[in-house]
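*Asks:* Provided herewith is a single structure, encoded as structure tokens, for subsequent inquiry.
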Amino acid sequence: MGSLARNIKPNRNIVEEEHNLKCERCGNIYDYYKFSNGQVFKHGCDCKMIEAGKEAEKKRKQQAINNIFNQSNVNASLKDATVNNYQPQNEAQDKAKKTAVEYVKSFSVKQPKSLILQGSYGTGKSHLAYAIAKAIKNQGYSVAFMHIPMLMDRIKATYNKNAGETTDELVNLLSNIDLLVLDDMGVENTEHTLNKLFSIVDNRVGKNNIFTTNFSNKELNQNVSWQRINSRMKHNARTVKVIGDDYRERGAW
Ligand SMILES: Nc1ncnc2c1ncn2[C@@H]1O[C@H](COP(=O)(O)OP(=O)(O)OP(=O)(O)O)[C@@H](O)[C@H]1O
Ligand SMILES: [Mg+2]
Ligand SMILES: [Zn+2]
């Protein structure tokens, strides 16, 4: 063993050496060498390797989470949205913000819950939903934010024979992540969209979801297709009405 250590560090002298020690951490028997430059080498101890493996696993997981989040379909105007920079304009919006904070704080994969942000244009529903999505992603969960029209285009693109992703890949992504945001439920109302939305929300029952919608309760129940979708959305869900003026028109003259 002494010759092995000498081979590894040919330019340095061994100043201390002990054999057949037991590492308390990994449980291995190892030989200990200290070199003239102060460096220590424990031949046979796997602690460093185990540590490096853990580090690599952490990196790999973070990479996977980033990859998933980067598959979001989100409008550029929302990129900087955070819960903190949401400025409530009325009591309903104040309540919506508090609910968002609570959702982030209490997020759990074991006890999933859904949130329906319902209200008129430009009240910050997508802002809050995207802010929550980012915060949960930063906690290390797999999250995607999907703007329905962009998602529908993407689903249609998978029907193409030369598509970059298959329908199954996209369905798996949507089904398996820890949190799915479906932004702007109701903005697309074709039969194809309703069929797709139904299978997505049906797959998401019992998971963490956030929905934003301009639809009123009446519109969410306008026909059997919507009733079926709506009943899935409502599973374990809290509905928050986000009312107010269109924030986009603020500052307009
Ligand atoms: N209370 C707010 N404080 C700060 N920014 C806001 C607020 N409300 C809206 N915004 C900003 O205004 C823009 C429009 O908001 P957002 O897209 O969230 O509205 P929305 O309720 O989703 O509207 P729509 O129903 O049309 O989808 C976004 O850029 C958002 O960041
Ligand atoms: Mg929106
Ligand atoms: Zn060890």
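*Asks:* Can you give the relative contact order of the chain as a percent, counting alpha carbon pairs under 8 Å and 6+ residues apart?
*Replies:* Once normalised by length, the contact order is 21 percent.
*Asks:* Work out the charge dipole of the chain with +1 on the Cβ of Lys and Arg and -1 on the Cβ of Asp and Glu about the Cα centre, then indicate which of 152, 167, 13 is farthest towards its positive end.
*Replies:* 13
*Asks:* Excluding residues on the same chain fewer than 8 positions from residue 196, give the aspartates and glutamates whose Cα lies under 12 Å from its Cα.
*Replies:* The qualifying aspartates and glutamates are 153, 188.
*Asks:* In what order do 150, 49, 185 fall by count of nearby beta-carbon atoms within 10 Å, going from fewest to most?
*Replies:* Ascending Cβ contact count within 10 Å gives the list 49, 150, 185.
*Asks:* Subtract the Cα-Cα distance of residue 56 and residue 70 from 0.36 nm times their separation in residues, and report this length gain in nm to one decimal.
*Replies:* 3.0 nm
*Asks:* Here's another thing I want to ask about it. Mind sorting 26, 45 by how few other Cβ atoms lie within 10 Å of their own Cβ, fewest first?
*Replies:* So the residues, fewest neighbours to most, are 26, 45.
*Asks:* Next question. What does the net charge come to around residue 231 if you take all other residues with beta carbon closer than 14 Å to its beta carbon, with K and R at +1 and D and E at -1?
*Replies:* Residues close to residue 231 contribute a combined charge of +3.
*Asks:* Give the cross-link partners of residue 98 among the lysines, using a straight C-alpha distance below 21 Å as the criterion and excluding same-chain residues fewer than 8 apart.
*Replies:* Those lysines meeting the cut-off are 79, 113, 125, 134, 137, 234, 241.
*Asks:* Could I ask something else about it? Let me know the charge dipole size of the chain about its Cα centre in debye, to the nearest 20, where only the beta-carbon of Lys, Arg (+1) and Asp, Glu (-1) is charged.
*Replies:* Around 380 debye, computed over the chain.
*Asks:* Here is a further query. Hey, how much of the P(r) for the chain falls beyond 23 Å, as a percent of Cα pairs?
*Replies:* 60 percent
*Asks:* Restricting to the chain, compute how many DSSP beta bridges are antiparallel as a %, nearest 5.
*Replies:* So the antiparallel bridges amount to about 30 percent of the total.
*Asks:* List 147, 192, 235, 127 from most exposed to least, where exposure is judged by having the fewest other Cβ atoms within 10 Å.
*Replies:* Ordered from fewest to most neighbouring Cβ atoms within 10 Å, 147, 192, 235, 127 come out as 192, 235, 147, 127.
*Asks:* Step through the residues of region 182-199 one at a time and calculate ³J(HN,Hα) from phi using the Karplus curve (6.51 cos²θ - 1.76 cosθ + 1.60, θ = phi - 60°), rounding each to whole Hz and writing x for Gly and Pro.
*Replies:* After applying 6.51 cos²θ - 1.76 cosθ + 1.60, I find 10, 9, 6, 4, x, 6, 10, 10, 6, 4, 4, 4, 5, 4, 5, 4, 4, 5 Hz.
*Asks:* Okay, moving on. Taking only DSSP H segments of four or more residues, each worth -39500 (n - 2.57), what value at 222 nm results for the chain once the sum is divided by all its residues, to the nearest 500 deg cm²/dmol?
*Replies:* Rounded to the nearest 500, it is -13000 deg cm²/dmol.
Readers should treat all values here as calculations from the given coordinates under stated rules, not as data from a laboratory. These numbers were taken from a predicted model, which means no experiment stands behind them. Positions of Cβ are generated from backbone atoms using ideal geometry, with glycine treated the same way; all protein chains shown enter the neighbour counts.
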